[in-house]
Each structure stands twice: as C-alpha cells, then as structure tokens.
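Since the structure comes first, as structure tokens, the remarks are kept for the end.
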Amino acid sequence: MTFRLLTSVQQNALFREACPNLSWLRRMRPRQEAFIGFVGAVLVIPQAVSFAYLAGLPPEYGLYCAIYVTLFACLFGNSTIVGGPNTAVAMLIGEEVIRFAGRGSPLYIDGVLILSLLVGLIQLMIWLLRGGRYFQYFSPAAVLGITTGVGFQILFSTLEGITGVDGLNVPFFFQKIAILMMSGEDLINPYAVTVGVLTIVTGVGLRRLLPRTHILVAAAVGILAASSIHAFQPQVITEMEMLGRLPFSLFPFSTPPWGNDYFHMALEMIPAATAIAVIGLAQTMVIAKGINLDHGERVNLDKEAFAQAASNFLAPFFSSFAGSGSFNRTALNRQIGANTPLSGIFSSGFVLLLSVVCGAYFAYLPMPVMAGMLFIVGLATIKPMEIRRLAQVRQEFATFAATFVTIAFMGLNTGLVVALLLSLIPFILGATRLECKRVRVGPGMALELHGNLFFASLDQFSTYLSQAEGMPVIIDLRHVAYFDNSAAELILREEHRRRQQGFLLVVSAHTSEQEALLLSANAGQAGDLAVVSSLQEAKVLLKTALATTDPDR
Amino acid sequence: MKVKLARHLILSIMFSVAFWILAPAAWPGSLEEVESLAKRPFLDDYLSNVLFGYRLVTDTTKLAARYVGNRLRCSNCHLDAGTRAGALPLHVAGMYPKWRDKNGRSNGVGLRIRECFAYSMDGLMPPENAPEVLAISAYINFLSKGQVIGEAPPGRGVPIVPDTGFEPNPANGGEVYRERCSVCHGDHGDGSSNAPPLWGLNSYNKGAGMHRIPTSAGFIWANMPVGNEKSLSHQQALDVAAFLHVQLRPSDPRESRLGKLFEKLMRSFSPQQEQIPQ
C-alpha cells in the first residue's frame, strides 16, 4: 500500500483556493463598489489608527494594515468579507510583544513583524490541514463571551488616552483602576478628559439617531472641542497628545528581522501566535458562516481561510501587523450593497489616497478623540440584548460568563482556551453518548448500537453488554459512526469470556474498516471471533450455532 | 572704561583657553560605539533604543515626523549628533532629573527633549512616553556613560560670549551675515543644499533656546561658519545673533494660538522642500 499525503483531487482543490479567483470580475458593478469602498475607507481610517495604538505601534502601521492586509485578503478571497486591522488581534499582539520591548520601540516593531509572520504561517498550516471548518465548533455563547470580553478590554484600554495618564498600559482593568486611584489625581490631564468625555457622550447620545455616522460626528465634536481649548491654552501647556504628522510612504516595504536571537524570540512567541492565529481565523470563519446563513452568496470557508492566512503572512513585508475579518466593516459593506471583493479593493485604494492627500491634517487629531472613538466602538461590541437572551439558557450563560470573566481577569489568551474548552463540552458529551436498542433474536439478543464506539464510550458499552449476560448476543455496528481499536479489543475480550461460559458473540460489522480492526485484533490475540458483514448473516450464524450446541447443557 | 575693557579681554582669553583645553579631552569616542551597534546581529531593548535614538537625532525630519514641524534635525544644533563640546552636547543625563519649581514636578531629560520638539523643531509636544522621546533618552543615557551625576559635563551647552560692552547690533549683524553666512544658509536664511534654514517657516520658533541672543551668539561663535569656526569676533557673533533674532520665524506656541494654526496651514500648503543631505 502506498501512502500519498494528498490525492490529486485534493491537490487541485488546494491549488484553486490558493490562486486568486477572478470570477467576480464578471459580476462586478465598478461604480457602486467604488462608492462602497470609499465609505469603507472613511470608516476604517480611525479604526486603523486606534488599533495600531492598541497594538502599541505608530499610527501609520494601522493605515498600512488597512491598505495591504485588506488588499491581499480581498485578492485571495472571493467574497464580500472585509479583512484588515482587527481589535482582538491587535490587542493580543500588544499583550504579547510588550514582554520583549517597550511600546513602539524598534525591537518592539521587529517583534510585531515576527509575530505577524508566525500568525500567517500557523494559519497557512491550519488551512493545509483543512482546519477552517473546525471553527464552527466555537459555540455562539463562547463567541459572545469573547466579543464582550474584547469590548470590555477596549473600554479600559482607552483610559490612557482619555486621562492622559502614562503607564496605564498594564494588562488588567483592576490594575488600571488601582493606578488611577493612587496616582491619578495629579496626573490626570483635565483638558484631555474634557475632550474625551465630550466625544464619548456625543457618540453614545447619537447612536440611535445616526447609526451609521455617529462616530464621525462624535469625532468632529471632539476635534472642535480640542481646537477651542487650544485657542486659549497652547498645546505645550495642555500637553494634550496629538496624533502628529504621519510619515506615510506608499510602498512601506519591510522585512521581518532574521538571526539567532530573533529566532529565539519567535520560538517564545509560538503559543501566543497560535492563539492569535486561531482567534483571527475564528472571526473570519464566523463571519463567513454568517454570510452563508444569509441568502445570496456562498462563501468557500477554506478559500477565505487561505486568504486570511496569506494576507497575514505577507503583512510583515509591508510594515503591517496581522489582521482578520472585521465584523462591523463586513456588515456595513454588505448592508450598502457590495457583492464582490472589488469593494474591499477599492477601500484599500481609498485609504491610500486619503492618507496621501489628507495625511498632513491627521496631525491635529487629538489622542483623547481617538480614544473616545475607540471607547464607542468598544461599547458597541457589548450587546446587552444578546446577553439577556442567552441568560435564559443556563448552560449557555455559564459558558458566556466563564469566558468573559476569564478574559477580564486573566487576559484574552486564557479566555480563548476556556472558550474553546467550554464550546467543546457539548460535543464531547454528544460524541460519547452511546445508545443501544435491544432486539430479541430467538433465545439471544441483538444489541443495535447508536453513536460512537471508542475509548470514551466503552464504559457505557460494558453496561449494555452486562445487561445481556447469559445469552448469545449479536453486536450490530450498523449505526456506529466511529469505531476504534480499543473497542475492538474490548469486544474480543468479551467474546473470550462468553465463549468460556458457552455463549456465542457475533459481530456484524458495517464498514470494511470496522471489520479490519476487529480481524486484526482477533489475529493479535489468536482468538476466533465471528465477524460477519450483515445482520442477516449474524442471525443465521447464531441460529446454526444454537442448533449444534447440546440442548441439555 | 579701560579697566572694563581689560577685564573683558582677560575673561575672554580665559574662556577661550579653557575651551580649547577642555574640548578635545571631553570625548570618549562613543559615537563610533553607537555606529558599531548597527552592525550587531541583535540588539536588546535598550541598545536598539540607543541606536534608534541616534538615528532620530540625525534624521529627525524623517523618523520623528509625527512631532516635527520644520525642516531641522536635532543634529543641526546638537552638532556631531550631540557629541561636540560647545555645540549643545547631549551627554547630559547626569544633570537630570532636576527640580523645577515652575510646575512643581521633578523633570527628567524627557521634558527637555519634548521642549526641543515643541520649540526648536516647531512641532507638537510629544507625550512623555512617546517611543521617540524614550529612544532619544536612551541615546542620551548611552552618551553620558562615565559622567558624574549632578556635575555639568565639560563643554555643556554653548560657550558664553563675554559682554563686549556694546549692544548687539542687528544692522551690523546683517552685514556679517551677508559676508560670512549667506553662502551656505542662503540670502533669505532659508537654507541650502548644505545648510539648514536659519529663519522663516522652516526654522526654529520664537520659543526656542536658539532664539535667545546669548545662546545663539555662543553657538555661532564656537561653531560657525562651518570649516572656519571661531573666526568671528565676539561682537560679530553677538551682532549676527541679534540679526537672526529679528528675522521672521514661527511664533512662540505659548503666545500665539490662532497664529500657530495659520502658520501650520501655510506650511502644509507650501511645497515641501528637499531635505538637506546630511
């Protein structure tokens, strides 16, 4: 027997997924998609800058990410999903790289590039192993727990920008509160707080009224407030942090650093990179699944997984950090009528254009306004309605609450693991469930098993067997989906025991795989188990055996 | 009158002698050390910040663009990347933090760096923990190796030009400027391909240390014209400093508020000039 890693059909599928698929060229409506791209660009710029801030990078890196990661994700994908800078991913990057260097320092930036490369590589691996579909196992409750936790973290991460207090980039909210309580009084910048709070109040107040544009209006109000303050008090006195002029370049080529020490750094980053790869892909997959539930478009999950992986892998070569699919931008994109990746491509082009044309004016964006906008985004990711709906189902609410609390108190990384485990519990419980229908066959009994017969369900299986003690049995595997070696061995041992008591045990295997496992276990233990391939045969075997045994035994 | 003149003469000779003796002795050659960092395969957080700080000081307009408003770089005034005595050297970490009653806080070297961004670079005041500020502080720490804490390092700041007994005269300074400086700095002070602008919207603002006549006179006397340093008399240095003082330049951000905004708009509309090569 020869082993091939992949069949040629699989190879073809991989190849098709990895090549840009331009079939959408026939469907596109350039004028409309250009407009949608423009709206998307206006929306992503403030997000990009504040996510760069979350990731601990200079703002222009966020713009590069919104240009290049978005572009690659659209080129390799074939859907209306908009990729690019993403809150959870940015936040995880910041949490990880801060271990190695100070925010924004050269080593830090090197660290981010390495981490993004690793994330891309791990995602490519997940794609190769066809792992995309496993993300369906994240339960909705866990996903809600994650997004709520991320929203909560965002709210606290804006405190530094709003109060102007340095040194608030400690990971946990209680630490931040402690610092603010202890030393806040004489460090809090009253001008920054005024501007930040004004921005937030405007945004939250207008959310109902202007669902699409309230963030931009809030920003305008904040900028106006900051400018009026600066008309009376110069910036050197208020010390309000400004975005500053962005050193923007059109083709920001970069290479992740190379060498022994960087390699060690990369090794240390692998656990975090895995977590980021998973949460990034999970978001893209959840979005894709959402689109598939919607009517109209069909998204190939594996192709989108590749698009995400490839764009993250390429990111560090364009001064960008890793990203993922964006819930809010994809939703908007589809709402206003996108139906090909072209809108995303336009959006990245417009970000480029706007950065070049208006870059000089970004300089006067006050950081408290940026922080306030981020606060509004964070608040919007917390959805009390959905939480209330979940609260009605105890088990789901427990999953949600455990995920959320872990994220708040132990960080996003740990929270993700908890979310994954909790999501898996129902599957594990479901998978280990084994049911048994007993059918009389003459003096004997046929055990018709339903479920999976493997190491985790053997205990249950023994119980069923013991209920058919002292009579010949047929074990019917027709409805057993998964059957493993340990089950085969158990059956063999049971057959031995029963034979000694003078009762027959026949197995009716359903698949050749089951049969092979049983026979090889049989050969290994030099037993002579009767394995047949249909229930009919098994019954015949049972009856003839009964007929030949001594009736007055 | 005669006594006064004699005192000035003696004082200036003393200053010059002291300067000549101290200047060459002052440097342990750390600039080479910094440059050699670039060749190492891996730098830890501190050393990579030192190197980044060095690059920021020598290529400020490009690397610290977030906070820079004009076309200067730190090393235009802090000559030889802050390692030349008498030209505002930066090996001064031992002098900080110092107590300032102005704001009742203890101010580290970070505040000085941020002030040079706000005034000398006519830009924005960066926050205390901006990566740029932290990197330049690291560079300053690195340069300050071996200095005594609390004691002014040799060659700190600029030499003090002794009082000549005459008021600095901008008109005479204009003459000096045309003869000695305009070759490099341009007839209109807007710089050239080999010298930075001295006034106009692309130079330091009125809040900068260089705008103070004693400081700029000391700097000019000790370091200008390049290649022919200390060839100006003290009086000439003071005159040309006064001449620079009365030229048009960006306003002090502490005094003019709306004016500042106007200047910035003007600047963002005016065509960006070529960077002067290093």
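The values are calculated or read from the model by the stated rules, or taken from the named source; none is laboratory data. The structure presented is a predicted model; accordingly, all values stated were derived computationally and were not measured. A quick note on method: Cβ atoms are made from the backbone with ideal geometry, for glycine too, and the neighbour counts reach across all protein chains shown. Side chains included, ligands, DNA and RNA excluded: accessible areas come from the protein's heavy atoms. Shrake-Rupley method; radii C 1.70, N 1.55, O 1.52, S 1.80 Å.
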If you check B:203, B:233, which single one turns out to be farther than 24 Å from residue B:7 by Cβ and either small (Gly, Ala, Ser) or at pLDDT below 90 (or both)? B:203
Would you mind finding the one in B:214, B:196 that is surrounded by 19 or more Cβ atoms within 10 Å (Cβ to Cβ) and modelled with pLDDT of 85 or more? B:196
Which condition number does residue B:38 fail, the rest of (1) more than 8 Å from every other protein chain (Cβ to nearest Cβ); (2) open to solvent by less than 40 Å² (accessible area, probe 1.4 Å) being met? (2)
Matching residues, segment A:222-237, being within 7 Å of chain B (Cβ to nearest Cβ) and open to solvent by less than 10 Å² (accessible area, probe 1.4 Å): A:234
Looking only at segment A:238-258, filter to residues that are open to solvent by 30 Å² or more (accessible area, probe 1.4 Å) and facing another protein chain (nearest Cβ under 7 Å); which one of those is farthest from residue B:41 (Cα to Cα)? A:239
I'd like to know if segment A:269-287 contains one or more residues that are farther than 25 Å from residue A:129 by Cβ and either more than 13 Å from chain B (Cβ to nearest Cβ) or at pLDDT below 85 (or both). no
With the condition kept exactly as written, say whether any residue in segment A:27-36 is surrounded by fewer than 24 Cβ atoms within 10 Å (Cβ to Cβ), assigned by TED's automatic domain parsing to the domain that holds residue A:321 and out of contact with any Leu (no Cβ under 7 Å at 6 or more places or on another chain). no
Restricting attention to segment A:56-79, the residues that are at pLDDT 90 or above and of a type in the set (Gly, Ala, Ser) number exactly 3
Matching helices (runs of 4 or more DSSP H) fully within segment A:342-395 where at least 2 residues are in contact (Cβ under 8 Å) with a residue 12 or more places away in the chain, away from chain B (no Cβ under 14 Å) and among the hydroxyl-bearing types (Ser, Thr, Tyr): A:342-362
Residue A:529 being touching a helix residue (DSSP H, G or I) at 6+ places or on another chain (Cβ under 9 Å) and modelled with pLDDT of 85 or more: no
Out of the residues in segment B:133-151 that are of a type in the set (A, V, I, L, M, F, W, C) and without any contact (Cβ under 8 Å) to a residue 60 or more places away in the chain, state the one that is surrounded by the most Cβ atoms within 10 Å (Cβ to Cβ). B:133
Within segment A:185-196, does at least one residue satisfy the condition of being open to solvent by less than 40 Å² (accessible area, probe 1.4 Å) and either over 30 Å from residue B:49 (Cα atoms) or not assigned by TED's automatic domain parsing to the domain that holds residue A:318 (or both)? yes
Looking at residue A:41, is it assigned to a helix (DSSP H, G or I), surrounded by fewer than 23 Cβ atoms within 10 Å (Cβ to Cβ), among the small types (Gly, Ala, Ser) and more than 14 Å from chain B (Cβ to nearest Cβ)? no
Tell me, which helices (runs of 4 or more DSSP H) wholly within segment A:142-236 include 1 or more residues that are over 15 Å from residue A:375 (Cβ atoms)? A:173-183, A:190-206, A:214-232
All but one of (1) surrounded by fewer than 20 Cβ atoms within 10 Å (Cβ to Cβ); (2) within 14 Å of chain B (Cβ to nearest Cβ); (3) in contact with a Leu (Cβ under 9 Å, 6 or more places away or on another chain) hold for residue A:98; which doesn't? (3)
Taking residue A:130 as the residue in question, decide whether it is away from chain B (no Cβ under 14 Å), in a loop (DSSP other than H, G, I, E, B) and surrounded by fewer than 22 Cβ atoms within 10 Å (Cβ to Cβ). yes
Counting just the residues of segment A:432-460 that are open to solvent by 20 Å² or more (accessible area, probe 1.4 Å), more than 19 Å from residue A:541 (Cβ to Cβ) and among the aliphatic types (A, V, I, L, M), which one comes out modelled with the lowest pLDDT? A:456
Going by the structure shown, is residue A:202 within 24 Å of residue A:379 (Cα to Cα) and of a type in the set (Ser, Thr, Tyr)? yes
